[in-house]
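Working notes for the structure below.
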Amino acid sequence: MDIIKVLHLSKKFLTRDGEILALQDVSLTVKEGEFVCVVGPSGCGKSSLLLIIAGLIPNTEGTVQVNGRNVAGAQTDIGIVFQDHILLDWRTAIDNVMLQVEFRKLDRPIYLTKAMELFESVGLSGFENKYPFELSGGMRQRVSICRALIHDPPLLLMDEALGSLDALTREQMRIDIEKIWLKKKKTVLFITHSVAEAILLGDKIIVMTPRPGQIDRVVDIDLPRPRHLEVQKSDKYSEYCKMINDIFLSRGVLKY
């Protein structure tokens, strides 16, 4: 079953200097339970694509469907994680997660138990009552992931969710995200600049061109899971890296 279906999508933005075509004739599908990564250069429309799928900004042309329904406004049955954790400074970690429960008028005692389970799954047990300023960057991003998952959405959208983290924290978070996905089998659309991150996380990778963003290629990733660091020593991993980097070289994104 196709959870996301995008057909001939284009997006234009009006600026003081005129129109900017961010995305042009993009078509893609994401099937139920897939972990799909989108990789491409800055300004190629990756984040715009995610925001359109989420219903947070309108598209200019084409159609977008989520769970078989045309996207005509903000989607409420999805989870979103942005590069910035966007936590409220005056609420504790657990209360930031429970904000979703309050907005949705869900049963607090039931979802408080679920929140504690999520905290344990991301290694945050004992930090539930800490405020954001008392947490590291990686911890704050873990809280934002818990907040996105608390209402058990079938679809998780992640926009450069690891981009602001240091290298070691980023790798640990990548491992944690894969663990959560293997356990819960959510459908995930993951935006990233990192080729290595996309290969280590994705079932398939959508490779975007420079602006106006188009799909250059869809690369199916056939590597065993869980994908530990040793995977990077394999010939297949090296082949995927070369394939995607060669695309960016041919497009002038990378230059020697």
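Odds and ends about this structure:
- As a rough footprinting exposure proxy, the listed residues Y240, Y111, Y256, Y131 were ranked by other beta carbons within 10 Å of their own, and the order from fewest upward is Y256, Y131, Y111, Y240.
- Alpha-carbon centroid distance for the pair region 209-235 / region 1-75, whole angstrom: 20 Å
- Close amide-amide hydrogen proximity is noted between V71 and V64, Q65, V66, each under 5 Å apart and 5 or more residues distant or on a separate chain (H modeled in the peptide plane; Pro and chain starts excluded).
- With helices as the sole contributors, the chain gives -11000 deg cm²/dmol at 222 nm; each DSSP H run of n ≥ 4 counts as -39500 (n - 2.57), and the sum is divided by every residue.
- Label-to-label distance, K233 versus L106, with points set 7 angstrom from Cα along the beta-carbon direction: 4.2 nm.
- For D166, D84, D235, order by how many other beta-carbon atoms lie within 10 Å, fewest first: D235, D166, D84
- 3J(HN,Hα) along region 163-175: x, 9, 8, 5, 4, 5, 5, 4, 5, 5, 5, 4, 5 Hz, from the Karplus curve 6.51 cos²θ - 1.76 cosθ + 1.60 with θ = phi - 60°, whole Hz, x for Gly and Pro.
- For S10, the amide hydrogen comes within under 5 Å of the amide hydrogens of D25, V26, T60, E61, G62, counting only partners 5 or more places away or on other chains and with H modelled in the peptide plane.
- Fewest-first ranking of W90, W181, using other Cβ atoms within 10 Å as the exposure measure: W90, W181
- At q = 0.13 Å⁻¹ the log10 of I(q)/I(0) for region 111-256 amounts to -0.66, computed by Debye summation with a single uniform scatterer per C-alpha, solvent ignored.
- Measuring against 21 Å, Cα to Cα, the residue pairs K204/K236; K183/K233; K12/K46; K179/K204 contain K183/K233 as the ones spanning a longer distance.
- Formal net charge of residues neighbouring Q83 (Cβ-Cβ distance under 10 Å; K, R +1; D, E -1): -3
- Subtracting the Cα-Cα distance of L56 and D220 from their residue separation scaled by 0.36 nm leaves 56.2 nm.
- Three-way shape label, region 85-153, alpha-carbon gyration tensor, a/c 1.5: prolate
Where a number appears in this text, it was derived from the coordinates with a stated rule and is not lab data. Since we're looking at a predicted model, the values are computed, not measured. Note that we place each Cβ from the backbone using ideal geometry, even for glycine, and neighbour counts take in every protein chain shown.
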